[in-house]
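Below is one structure; the comments refer to it alone.
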Amino acid sequence: MVEIDTMPELEQALAEVAAEMAERTDRGSVATYIPQLGKVDPGKFGIAAVTNDGRVILAGDADQPFSIQSVSKVFTLTLALGKIGDALWHRVGREPSGNPFNSIVQLEHENGIPRNPFINAGAIVISDVLLAGHQPREAIGEILRFVQFLADDDTIVIDREVAASERATGHRNFALANYMKSFGNLHHEPELALGVYFHHCAIGMSCRQLAIAGRFLANGGRNPTTGHSVVSTERARRIGALMLTCGHYDGSGDFAFRVGIPGKSGVGGGILGIVPGVASLAVWSPGLNENGNSKLGSIALEKLARMMNWSIFAP
Ligand code: DON
């Protein structure tokens, strides 16, 4: 692992990667199944690195908010574990699915228990957990405030138009939620759990805000600037393990192979990457690859990791 004091080259590396990505014409396809996401300019590219010693390094469109979508599942998982701890694992598995993020096929065989917290079904169960004792509005507020706290930025908001757009076209998520309800794995009405889910997916953040929010995962569960503990070291490691094995759906193996660090993607084109002990990274490029993960975002992280010799497998 690279030592922090050898990192002045990081600014150079980020600038180089951003310049190279700006030139590329093969940018993937923007998600259109949520109509509001289809309006985003595929030419955008931003990247941010926040080091454990407190440096914030940005390149490209790193200050432009985008829809974080499934990246939010890292934050809802963290909150749900805080609420019910390991009891969560009775309702959600911890195995890669090897299937697309919105797949329904495994749910019947596995009695309505989703494979992991990052596929849509798993995240909908987590929304249901976060609803306990709350109205949907309160649960959504709790998630948003947690993200604002992590990013140390209360200007972060939910894009209501994206949430409404997803609700209007979210038939597959309704199917997943209803199916899990039939197995007794949702404790609230599907409509309510989905309300929470659609809204946390619609949180808008910039690469800067997202990388800052991820700091606790790069630093053993503790905010490296304030020293405040967000989760235990063990929990931070476990969330990282789930990001590595499940964070890119059926592209998770390839991401681990090419990039070598835990990451979580979203169909808005964002990826949160964690270099344990070193830095939290966020990248955004709206065009997606065939697995629904940011095409240039994955390539950019692969290049950056190689330039910096970052890998959780590095000696
Ligand atoms: O439920 C959905 O389809 C979206 N709100 C989130 C999917 C997503 O971000 C998958 N990530 N690559």
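The values are calculated or read from the model by the stated rules, or taken from the named source; none is laboratory data. Not measured: the values here are computed from a predicted model. All Cβ positions, glycine included, derive from the backbone under ideal geometry; neighbour counts span all protein chains shown. Remember, those area values only see protein heavy atoms, side chains included, never the ligands or the DNA or RNA. Shrake-Rupley method; radii C 1.70, N 1.55, O 1.52, S 1.80 Å.
How many angstrom lie between the C-alpha centres of the stretch 225-251 and the stretch 77-103? One Cα centre to the other: 12 Å.
Please compute, over every Cα-Cα pair in the chain, the percentage with a separation greater than 30 angstrom.
On the way: 12397 of 49455 pairs.
Here the long-distance tail beyond 30 Å is 25 percent of all Cα pairs in the chain.
Ranking LYS39, LYS83 from most to least accessible surface, computed with a 1.4 Å probe over the protein chains only, gives LYS39, LYS83. Mind running the shape call on the stretch 202-252? Use the C-alpha gyration tensor, a ≥ b ≥ c as the square roots of the eigenvalues: rounded below 1.5 for a/c, prolate if a/b tops b/c, oblate otherwise. Because a/c hits 1.5 or more and a/b fails to exceed b/c, the stretch 202-252 counts as oblate. On the basis of the beta-carbon distance and an R0 of 22 Å, HIS228 and ASP63 show a calculated FRET efficiency of 0.35. For the stretch 70-201, the square roots a ≥ b ≥ c of the C-alpha gyration tensor eigenvalues yield an a/c of 1.5 or more together with a/b exceeding b/c, which makes the shape prolate. If the chain linking GLN135 and HIS187 were pulled fully straight, counting 0.36 nm for each residue of separation and taking away their Cα-Cα distance, it would gain 17.4 nm. Using a probe of 1.4 Å on the protein chains alone, the accessible area found for SER232 is around 60 Å².
The solvent-accessible area of HIS187, taken with every protein chain present and a 1.4 Å probe, is close to 120 Å².
Here the stretch 265-296 is scanned for amide nitrogen atoms under 20 Å from the site 7 Å beyond the Cα of GLU161 along Cα-to-Cβ, giving 267-270, 285-287.
In straight-distance terms, cross-link reach from LYS44 covers every one of the lysines whose alpha-carbon lies under 24 Å from its own, apart from those fewer than eight places away in the same chain; here that gives LYS73, LYS264, LYS295, LYS303.
The distance linking the stretch 5-49 with the stretch 268-308 is 9 Å (Cα centroid to Cα centroid, whole angstrom). Take the Cβ atoms of MET307 and THR25, set R0 to 22 Å, and the FRET efficiency comes out at 0.45. Computed extension gain for LYS39 through GLU108, at 0.36 nm per residue and net of the alpha carbon distance, reaches 21.3 nm. Between the amide H of GLY170 and any residue lying 5 or more places away or on another chain, no distance stays under 5 Å, with hydrogens modeled in the peptide plane.
Taking all protein chains together, VAL105, VAL50, VAL40 sort by accessible area into VAL105, VAL40, VAL50, largest first [probe 1.4 Å]. Under 5 Å between amide hydrogens, built in the peptide plane, is the criterion, and for GLY28 it picks out nothing among residues at least 5 positions away or on other chains. By the combined test of axial Cα extent (at least 15 Å) and Kyte-Doolittle hydropathy (mean at least -0.5), the qualifying DSSP H helices of the chain come to 9-23, 72-84, 120-131, 136-151, 190-201, 233-246, 295-308. Exposed loop sites here are chymotrypsin sites (Phe, Trp or Tyr not before Pro) assigned a DSSP state other than H, G, I, E or B and surrounded by at most 16 other beta carbons within 10 Å; excluding them, the longest clear run of the chain is 34-182.
Dividing the Cα radius of gyration of the stretch 247-293 by its Kirkwood radius returns 0.95 for Rg/Rh.
When you work out D = kT/(6 pi eta Rh) for the stretch 115-172 at 4 °C and 1.567 mPa s, using the Kirkwood radius from C-alpha pairs as Rh and the Stokes-Einstein form, the result is 100 µm²/s.
Note on ASP86: accessible area approximately 90 square angstrom, rounded to 10, probe 1.4 Å, nucleic acids and ligands left out. For PHE66, the residues whose modelled amide H falls within less than 5 Å of its own, excluding neighbours fewer than 5 places apart on the same chain, are MET205, SER206.
Given only helices, namely DSSP H runs of n ≥ 4 each adding -39500 (n - 2.57), what is the per-residue ellipticity at 222 nm of the chain, to the nearest 500 deg cm²/dmol?
So the helix-based figure for the chain works out to -13500 deg cm²/dmol.
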